[in-house]
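A.B. asks: Got a structure for you, questions after.
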């Protein structure tokens, strides 16, 4: 064939080499295991849905980014998040599902936005949601930050902080100042405090037409910080006479108390009256998660409580609380800062090398014996120079090599080489599996994220 | 909101309820583990690729079925298999990869065909391929059926048979009869033997213009069967004087010998001179896997050896051998015959139920203690009637329920209920984790596929 097509992928699509794929998979596994440890079960919705369904709510920027097309007489979209498919699923199967419905989904979503640094057109989201029927305990709001804590801790991240707030508390506070109408605008400005600074927030609030006394009230409200106990006592001192405020405050107190019961250390969460998580969806607890060493990463895991998951598809009231980890983006940020520990290039533990073609079948047999003991084994059976077979073991970073020559076949032994230590010794074939298992057991394992 | 959109998915897309999703996930996990136990590493390619890349080879039916569209100035396709993306990937990264490259990918592919019984537009394929650079040992051809055997055995399937053949042997045989030109047509007819019967094959071969003696030679060749030893001795008795035939026979003998070294029992494979696996791609060993109890399922796992993985993208010779399991279809066939054992509705082991709101925080704490011991726990914290909390445990089929009332909090105990046995006993909170772990350890586990 003369004409060759240049092999390449679309920009904005992440495709990993094997050694990075291993790390990514391990992260995905830790997230999935953490979700399951809290009672979530996996849901796998189609990548393609009817546009009528996916776009029931979307609009503006999201709609422009969507991969949408026709096939036959169907108007189709690739999913742009995992929340809309969840809403559709729960509404569709509400009579078969058991509530509270705790589902997780770790899957790719698609947004055809202009590719730029750190933005992807295909990326993994790792979502959990707990959906109640009519009512849902606030204890679930407390479980969420504990799940976040478990995940990031298991990934090896030491310094991160989960920010928590309550939308009712905010709404009530602004109502009490007579600023109910401006709340949305105020929240949007406040949300930028960390980016633009308090003085610019003051200017923006002036532009909005707020009185000086109100601005001062807003700014001192937002400045409330410290331990949760301290924050609650300051909030109570404000003596805000507003039912929504009281409801939000009580909810936040209950959630924080439950978080403490769940063992979440105060070092890893903080009440932050400035965070809001968008303005039209969340109605109660909201979360953002920051890595203080890298403030420009923004939130790496966010979510909150909402009143009504599926109002576009059903009249049934389905309150819920959930979070999403932008896994592809988080992986990319860690990789960029060289914060990922290597896991090698394969999950294979042992490479069996026959010295010549004469030992191939015996090598295959030994490989199979190791596999039956739960060990992951590769056998290098192509007949090339021994040196090149060893080069494969080195390049693939396989920790143990089993060498089998004429002599070993005769004496029913093998040469077992520990690649990292560069040591080798002769082992009877009958003792090989327990020996390898012991060595594996003794091998130190590093967390995914490097200490920093 | 007045107008509701009817929640639904596109036809031809499989979406599973939680109890089936659990089974599907477990199947996927067994396949992935089996692939990894043989040294394969995962590759995750984008769902969307440039049409120019994906359609380099495709044509005819495949091209008509593809989900293809434009976004901006890009002409895009959703992948319709995992082989073309692999070819693109290996060609693109050939200088960074270590060969032989053993990759697996278990992922969704898309074909917008007319939906019909047992056909899906979005379905999982579970592929492995071993790609060599320039040369690749026949021992890898022997590993493939052993991997198939491991997977189906671990799934609990007892009666299945891996059919193996060699394309060179066939090509050489037909050449020796002077039928080189008609080989493609003959193979297409022979391939249908099991469906249409020998007499109809004879008629078709007559239509093709074959002489009676040739037809008899073809039919007696195809009728060769029995143990591999028996087949080889019959093939040798044919005294075919053709280099390709000899090469194919020698290869098949080497592969079968290596399969035996790998411990594959003769009960689960058979040399079948009738199978061909399509006509233009495979060049050596070919495989199909049948479940004799369900002949109309056709092959549930197929593949073979090819000369050149990526000829559309590179001049480099990349021989390989691989197989694909049509996982969605296989799952659907098993489900239809009611051959799937239930795994319950969740992976959760324990549900902790606080009797009232007063015990919620203590329940959360106990849940967290169990989790730290590796147990999957759900806490029912919404304040509804106790009866309804128990109903949740029943509906979700959670095997153990931990009940915590005022009395238990005071005495630092819990009531541990074994749901299947309908027994319960009081356990000190400090002994709960080891007790649950022991119970889990003693619980019998069923294979995924029921005995039949």
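A.B. asks: Once every DSSP H run of n ≥ 4 in the protein assembly as shown is given -39500 (n - 2.57) and the sum is divided by its residues, what mean residue ellipticity at 222 nm do you get, rounded to the nearest 500 deg cm²/dmol?
C.D. replies: -12000 deg cm²/dmol
A.B. asks: Next question. What is the Cα centroid distance between the stretch A:390-452 and the stretch A:210-254, reported in whole angstrom?
C.D. replies: 61
A.B. asks: Okay, next question. Expressed as an acute angle from 0 to 90° and rounded to the nearest 10, what is the orientation of the C-alpha long axis of helix A:360-372 relative to the principal long axis of chain A?
C.D. replies: 40
A.B. asks: Right, here's the next one. As I understand it, the value is the acute angle between the Cα axis of helix B:167-176 and the longest principal axis of the Cα atoms of chain B; what does it come to in degrees, rounded to 10?
C.D. replies: 20
A.B. asks: Given label points at 7 Å from Cα along Cα→Cβ, what nm distances, shortest first, separate residue B:298 from the same residue in every other copy?
C.D. replies: Distances to the matching label points in the other copies: 4.7 nm.
A.B. asks: Label-to-label distances across copies for residue B:437, with labels 7 Å out along Cα→Cβ, in nm, shortest first?
C.D. replies: 1.8
A.B. asks: If a/c stays under 1.5 just call it rounded; otherwise compare a/b with b/c (prolate if a/b is bigger, oblate if not). Do that for the stretch A:350-437, with a ≥ b ≥ c from the square roots of the Cα gyration tensor eigenvalues. Mind dumping the intermediate values first?
C.D. replies: Numbers: a/c = 1.32, a/b = 1.06, b/c = 1.25.
It is rounded, given that a/c, with a ≥ b ≥ c, falls under 1.5.
A.B. asks: Over chain B, what relative contact order in percent results from Cα pairs under 8 Å that are six or more residues apart?
C.D. replies: That works out to 17 percent.
A.B. asks: Quick one: A:245, B:40, fewest Cβ neighbours within 10 Å first, how do they rank?
C.D. replies: Ranked by crowding around the Cβ, least crowded first: A:245, B:40.
A.B. asks: Multiply the residue gap between residue A:335 and residue A:385 by 0.36 nm, knock off their C-alpha separation, and tell me the result in nm, one decimal place.
C.D. replies: Details: separation 50, 0.36 × 50 = 18.00 nm, distance 3.61 nm.
Full-extension gain reported as 14.4 nm.
A.B. asks: Can you tell me which of A:194-204, A:107-117, B:400-410, B:436-446 comes out highest on packing, and rank the rest after it, using the mean Cβ neighbours within 10 Å?
C.D. replies: B:400-410, A:107-117, A:194-204, B:436-446
A.B. asks: Sorting A:127, B:33 on the 10 Å Cβ count, fewest up front, what's the list?
C.D. replies: B:33, A:127
A.B. asks: Hey, got the average number of other protein chain Cβ atoms within 10 angstrom for residues in A:371-381?
C.D. replies: So the per-residue partner count for this stretch is 5.
A.B. asks: Now, a different point. Semi-axes, largest first, in whole Å: what does sqrt of 5 times each Cα gyration tensor eigenvalue give for chain B?
C.D. replies: 52, 26, 21
A.B. asks: Please pull out the direction-averaged projected area of the stretch A:77-208, using the convex hull of its alpha-carbon atoms, in nm² to one decimal place.
C.D. replies: 12.4
A.B. asks: Give the calculated FRET efficiency between residue B:281 and residue B:200 to the nearest 0.05, with a Förster radius of 22 Å applied to their Cβ-Cβ distance.
C.D. replies: Efficiency computed from Cβ-Cβ geometry: 0.25.
A.B. asks: Taking only Cα atoms of the stretch A:248-403, what ratio of Rg to Rh do you get with Rh as the Kirkwood inverse-distance radius?
C.D. replies: Details: Rg = 26.4 Å, Rh = 21.0 Å.
Using Cα coordinates only, the ratio equals 1.26.
A.B. asks: Could you work out how far helix A:212-222 tilts from the main Cα principal axis of chain A, as a 0 to 90 degree angle to the nearest 10?
C.D. replies: Its long axis makes an angle of about 30 degrees.
A.B. asks: How many nanometers, to one decimal and shortest first, lie between the label point of residue B:229 and those of its other copies, if labels sit 7 Å from Cα toward Cβ?
C.D. replies: Nearest first, the other copies' label points are 8.2 nm away.
A.B. asks: Can you work out which chain A residue has the shortest Cβ-to-axis distance for the rotation that carries A onto B, and give it in Å?
C.D. replies: A:69, 2
Computed from the coordinates by the stated procedures, all read-outs in this text should not be read as laboratory data. In this text the structure is predicted, and so the values were computed from the model without any measurement. Note: ideal-geometry Cβ built from the backbone for every residue, glycine included; neighbour counts use all protein chains shown.
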